[in-house]
1. Taking 0.36 nm per residue of separation and subtracting the Cα-Cα distance, what length does fully extending T293 through S19 add?
2. Could you check the spin-label model distance between S281 and E309? Points 7 Å from the Cα along Cα→Cβ, value in nm.
3. Give me the number: length gained by fully extending A215 to R58, i.e. 0.36 nm times residue separation minus the C-alpha to C-alpha distance, one decimal in nm.
4. Select from the chain the helices, each a whole stretch of DSSP H, whose alpha-carbon atoms run 18 Å or more along the helix axis and whose Kyte-Doolittle mean is at least 0.5; answer none if there are none.
5. Suppose we keep just the DSSP beta bridges with both residues in the chain; what percent of those would be antiparallel, to 5?
6. Taking amide H positions as placed in the peptide plane 1.01 Å from N, state which residues far from A157 in sequence (5 or more) or on other chains have amide H under 5 Å from it.
7. Would you kindly state how much longer the chain becomes between E339 and A323 on full extension, computed as 0.36 nm times their sequence separation minus their alpha carbon distance, in nm to one decimal?
8. Cα-based Rg of the stretch 219-312 per 2.2 N^0.38 Å, rounded to two decimals?
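The values are calculated or read from the model by the stated rules, or taken from the named source; none is laboratory data. Bear in mind that the values here come from a model prediction, so they are computed numbers and not experimental data. Ideal geometry is used to build each Cβ from the backbone, glycine not excepted, and the neighbour counts take in all protein chains shown. Surface areas here come from the heavy atoms of the whole protein model, side chains and all, with no ligands, DNA or RNA. Shrake-Rupley method; radii C 1.70, N 1.55, O 1.52, S 1.80 Å.
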Amino acid sequence: MTKIVATFEVSYTQILNKSGKLTGPLPAFAQDPEKLIELYRAMVLSRAFDAKAVSLHRTGRLGTFPSAVGQEAVCVGTASAMQETDVFLPSFREHGAQLIRGVTLVEQLLYWGGDERGSDFSGPKKDFPMAVPVGTHAPHAAGVALAMKLRGEERAAVCLMGDGATSRGDVYESWNMAGVWSLPVVYVINNNQWAISLPRSAQSAAETLAQKAIAAGFPGEQVDGNDVIAVYDVVDKALKKARSGGGAHLIEAVTYRLSDHTTADDASRYRSDEEVSARWSEEPISRMRTYLTESSAWKKEDEESLLAECAKTIEAAVEEYLATKPLPPESMFDYLYAELPAAYAAQRAAAVAASDENGDD
Ligand SMILES: Cc1ncc(C[n+]2csc(CCOP(=O)(O)OP(=O)(O)O)c2C)c(N)n1
Ligand SMILES: [Mg+2]
């Protein structure tokens, strides 16, 4: 005898399509145009900051930077659905989300400029610093969620990662524990179709990345990652469920990386211009602007003043960043160990001596 012992389905949610038309009813939170304008403004600021960061890198004033052009709705929708008391564990392409969490532009510039103080957030003290090692923050997210559960708190952890991260062993281990212990954690996959030069098709033979959660015993779903209303809505529901004891959830936000992987990459070496230009028609900001404009909530003058405001905010942050006195070179030894191992003590002393010799103060 053979019988079916398990079946599963993976849903895909979209509310606003690429032409800025509604494909389903607006969720309650989105009935207030002010809320939609807030999401739109955050996406525009994120993109403007992105462009500035890339030009700072090009002119030698910032380290390698991972642009998130085209993926603003994933970050803004996810972070906007979070409560202040939730804990955010980002990977490295999440400046749009960190902005909403209260990490300042200056802190973000310091981080990408190689200054440790950029990870000492003045805002969300409990949020984690960016995880540059791919997927290593997923087990941390399960640990954070376990602590919340043991303490009986109504909070949740949110872990954002890329499509490539879903192939990592530690990510599977994290999902396994999140399922077994029914942890208050929401995993959001920013599926931007690429892991540097590796396309999604070569990343996994699974039909969706969302279904990987089902093997771990909790729901996985897809959302249009270029639709900020839909991203907010599915993350909001998953978070409410997680906070009230309903366990873990995985959301695969389907989007596209319109930029190079980082400023150290040249994506034209592995993908065609045609592919990229076709994807520009799906990006999240213009569809939202179309929707707001057509529903008379947004005018040309609003757009102009928003762009001017973003430029001013960013310029002020850049000025403060560039005026920040760098930490002394020996500081690189100071934040890893409670007590510096002997082998590094000599290196630290050499760094102090070298900076004294160079006249650094
Ligand atoms: C453990 C580890 N292996 C390799 C790398 C090098 N690396 C940096 S980003 C990246 C691809 C990540 O792809 P994805 O998870 O899809 O995130 P995306 O960059 O597309 O946002 C790789 C392999 C790394 N940072 N960490
Ligand atoms: Mg990716």
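1. Numbers: separation 274, 0.36 × 274 = 98.64 nm, distance 1.22 nm.
Contour length minus Cα-Cα distance gives 97.4 nm.
2. Roughly 3.2 nm, to one decimal.
3. So the chain would gain 52.1 nm between A215 and R58.
4. Helices meeting the span and hydropathy rule in the chain are 137-150.
5. So the antiparallel bridges amount to about 10 percent of the total.
6. V87, V185, V186
7. Length gained, E339 through A323: 2.6 nm.
8. Working: Rg = 17.6 Å, N = 94, 2.2 N^0.38 = 12.4 Å.
Against the compact-globule rule of thumb, the ratio is 1.42.
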